[in-house]
Amino acid sequence: MTQVMKELTFKQQEILYLKFTKGFSYIEISEIIGIDHNSVRKQVYRAIKKIRENPVFNVHTNIIFFMLYPRLS
């Protein structure tokens, strides 16, 4: 799981953390990061797409595990 996260850019990791762990909105994240909220949405989309393309997520249970325990990955 750690390898999957390492494939993301630092900014993508940071945005996913703020979105899914801290629960910030796209607008709040855009204010924290200093980029447009539409760019934040695009980065979330691209990061999730990259994660889903990884073979480890071919198994449905791995996706659920990742979403439930993101800090263990």
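The values are calculated or read from the model by the stated rules, or taken from the named source; none is laboratory data. All figures in this text were calculated on a predicted structure; none of them were measured in a lab. Cβ coordinates were reconstructed from backbone atoms using ideal geometry, including for glycine residues, and neighbour counts include every protein chain displayed.
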* Structure fact -> Checked pairs for the range 1-27, first more than 15 Å from ASN54 (Cβ to Cβ), second among the acidic types (Asp, Glu), C-beta under 8 Å and 6 or more apart or across chains, list as LEU18/GLU28
* Asked: Out of the range 1-20, which residues are of a type in the set (Ser, Thr, Tyr) and at pLDDT below 90?
  -> THR2
* Asked: How many residues does the range 28-37 contain that are without any contact (Cβ under 8 Å) to a residue 12 or more places away in the chain and surrounded by fewer than 16 Cβ atoms within 10 Å (Cβ to Cβ)?
  -> 6
